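The values are calculated or read from the model by the stated rules, or taken from the named source; none is laboratory data. Given the structure is predicted, the values throughout are model-derived calculations rather than measurements. All Cβ positions, even for glycine, are placed from backbone atoms using ideal geometry, and neighbour counts span all protein chains on display. Accessible surface areas use protein heavy atoms only, side chains included; no ligands, DNA or RNA. Shrake-Rupley method; radii C 1.70, N 1.55, O 1.52, S 1.80 Å.
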Amino acid sequence: MTKKPFLFLLFLFPLITFHAAFAQDTEFEKWKKQQEAEFREYQDKFDEEFIKMLEETWKEVGIKDGSDLYKERKPVTIPKAPPKPVVENKAPKDLPPLKERISADLPKLPERETTRATLPDRTSLFDDIPVQNTSIDYFSSAIPFQYPSELRKLFSRREFSAGRTDNKRIAAFWDKVSRVDHEPILEYGGELREDLKLNDWGYVLLMNDFAETVFAGYDRKLVNLYTWFLLSRSGYQVRIGYDQRSIYLLYAVKYNVFNTKYYTLDGDQYYVIDLDADKQSPSSIFTYSGSHQQQRKKLDLKIEEYPVLGNEETSRTKTLEFSYDGKEYSFPVSIDMALVDYFEFYPLTELPVFFTASLSPASKQSIYPKLVPILSDMTEEEAVNFLLGFVQTAFEYETDQDQFDREKYMLPEETLFYPSSDCDDRAILFANLVQDLVGLEVVGLRYSKHLATAVAFTDKVSGDQHFYQGKTYTVTDPTYVNASIGMTMPQYQNETPEILSLK
């Protein structure tokens with residue numbers, strides 16, 4: 001008889017635990033819903049204020065031409081120096097062999113298969129609402145995407161046709177779209193950004209792809225408006241302006257953007273950066289003052305790591321050939337075409353951004369193992385001269401205007417791919433090779449219409465030199481064919497260059 005209460009308690013205990021857990025879950029759900037409701041009310045408040053601001057009279061502002069990187073156009077042809085003198089192979093006694101320092105400094109390269117992205121496993125972004133399932137081709141990476149079906153139903157295809165754009169319609173656009181829950185889309189975008197290793201520019205392109213997918217077949221103006229909404233919700237200082245022809249995205253950027261038109265709004269420069277590569281050049285637009293409460297970040301164009309894009313089919317192999325000191329060299333290099341496409345229209349921001357971008361893992365895997373054995377038996381001076389010869393002669397020289405019909409700075413990956421390059425591109429590639437493989441500091445030398453580099457050698461070397469922040473840098477010009485360390489291109493001998501820190 002005494003065992004029955006005990007058995008009853010054993011039977012009752014799980015029920016009590018279950019009900020307690022259920023009560024906790026219920027309380028948590030109530031708390032969660034309350035928090036969501038409070039946040040929605042908070043968000044609605046700022047949307048309401050922003051919409052009222054958009055409904056007010058916009059002002060017409062005039063555009064300004066972005067500054068040019070060079071005072072004059074780059075030369076179409078470049079001189080050639082006399083053949084390089086042979087440098088005696090005599091390493092300084094107080095330095096460890098270059099072979100040891102290269103081995104220590106050479107970056108560890110990932111296995112090829114690890115350079116592809118693993119996308120988030122998100123089978124459903126939305127619950128209990130009609131959705132449209134689709135896929136985005138993001139530089140050869142197939143990305144599953146889902147959005148509420150009601151988004152497309154909010155607007156007709158002729159909603160923003162020619163002659164029907166004004167601030168009232170733009171305010172109404174924000175009002176309609178902001179009533180749709182966008183948190184799942186923005187959270188998914190953040191996950192993709194992390195997995196694909198995207199910087200701000202990559203994220204902007206991703207949001208633009210989202211907008212193009214949602215409003216496929218609609219007027220480009222509606223795509224631009226939705227991109228503006230998504231980026232604003234993501235915290236970026238992005239505005240829009242309109243004229244009789246179109247709606248334009250205007251970006252506040254952390255650095256200068258050269259050769260790009262801009263408007264001065266509330267004390268900041270907002271650049272007209274077109275995401276679909278059309279050449280837009282509005283002279284004046286109508287835009288607004290103020291911003292949404294969530295817009296706090298300027299676009300940061302730094303490239304701290306390469307995005308993880310593409311697939312095995314996007315890889316191409318190109319053979320680079322050149323001669324140095326009477327010997328022929330041939331290097332097959334692997335190039336990821338998805339990256340070449342990604343950087344094709346990268347904004348022309350300040351040069352240190354490009355100098356610090358390095359090569360992609362795939363390119364390093366293919367070319368560094370070929371270069372290291374050659375450089376390891378050389379002194380610093382010999383190694384830098386060898387890399388000069390490689391960059392000077394493995395590519396044809398051609399200005400950006402002749403090759404692309406526009407000014408463009410190429411990342412090292414692009415310089416390896418395109419048949420021609422100019423002084424900017426060669427300086428960027430050369431600086432990366434020297435810093436990675438020889439471990440020496442490099443600065444840029446910007447002349448009126450030319451860019452070269454200079455290297456801080458451990459031991460004294462002869463030739464033209466510049467002093468910067470307490471260090472001596474010796475001229476190294478990867479565009480001046482046959483020029484060795486210390487040789488300045490003749491037409492710039494009497495010109496003092498601007499020294500650019502590459503950090």
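What net charge is computed for the residues neighbouring Phe258, neighbours being all others with C-beta under 10 Å from the C-beta of Phe258, Lys and Arg scored +1, Asp and Glu -1?
Once positives and negatives cancel, what remains is -3.
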So Asp405 and Ser284, fully extended at 0.36 nm per residue minus their Cα-Cα distance, gain in nm 41.1 nm
With the 1.4 Å probe rolled over protein heavy atoms, the range 347-481 has an accessible area per residue in Å² of 27
The distance between the Cα centres of the range 472-503 and the range 247-265, in whole Å, is 32
The answer for Thr349, listing residues at least 5 apart or on another chain whose modeled amide H is closer than 5 Å to its amide H, is Phe258
A chain fully extended from Asp166 to Arg152 at 0.36 nm per residue, minus the present Cα-Cα distance, gains in nm 3.0 nm
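By the gyration tensor of its Cα atoms, with a ≥ b ≥ c the square roots of the eigenvalues, what is the shape of the range 225-305: rounded for a/c under 1.5, prolate for a/b over b/c, or oblate?
Details: a/c = 1.44, a/b = 1.16, b/c = 1.24.
Rounded, since a/c falls under 1.5.
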Taking a crude spin-label model, label points 7 Å out from Cα along the C-beta direction, the Arg296 to Phe126 distance in nm is 2.8
Nearest-0.05 FRET efficiency for Glu396 and Glu183 at R0 = 56 Å, using Cβ-Cβ distance, is 0.65
For 390-396, 423-429, ranked highest to lowest by mean beta-carbon neighbours within 10 Å, the order is 423-429, 390-396
The simple spin-label model distance between Ser448 and Ser315, using points 7 Å out along Cα→Cβ, in nm, is 4.8
Once Lys and Arg are counted +1 and Asp and Glu -1 for all other residues with Cβ under 12 Å from that of Asp200, the total becomes +3
Row for the range 356-503, column shape: gyration tensor on C-alpha, a ≥ b ≥ c, rounded if a/c < 1.5 i.e. under 1.5, prolate if a/b over b/c, else oblate; value oblate
HN-Hα couplings for the range 451-465 via Karplus (6.51, -1.76, 1.60; θ = phi - 60°), in whole Hz with x for Gly/Pro, come out as 10, 10, 9, 9, 10, 8, 7, 5, 10, 5, 10, 8, x, 5, 9
Taking Glu49, Glu191 and ranking on accessible area (1.4 Å, protein atoms only), highest first, one gets Glu49, Glu191
Between Asp195 and Tyr255, the two model label points (7 Å from Cα along the beta-carbon direction) sit apart by a distance in nm of 2.9
Note: Val481 to Lys503 extended length (0.36 nm per residue) minus current alpha-carbon separation gives 5.2 nm
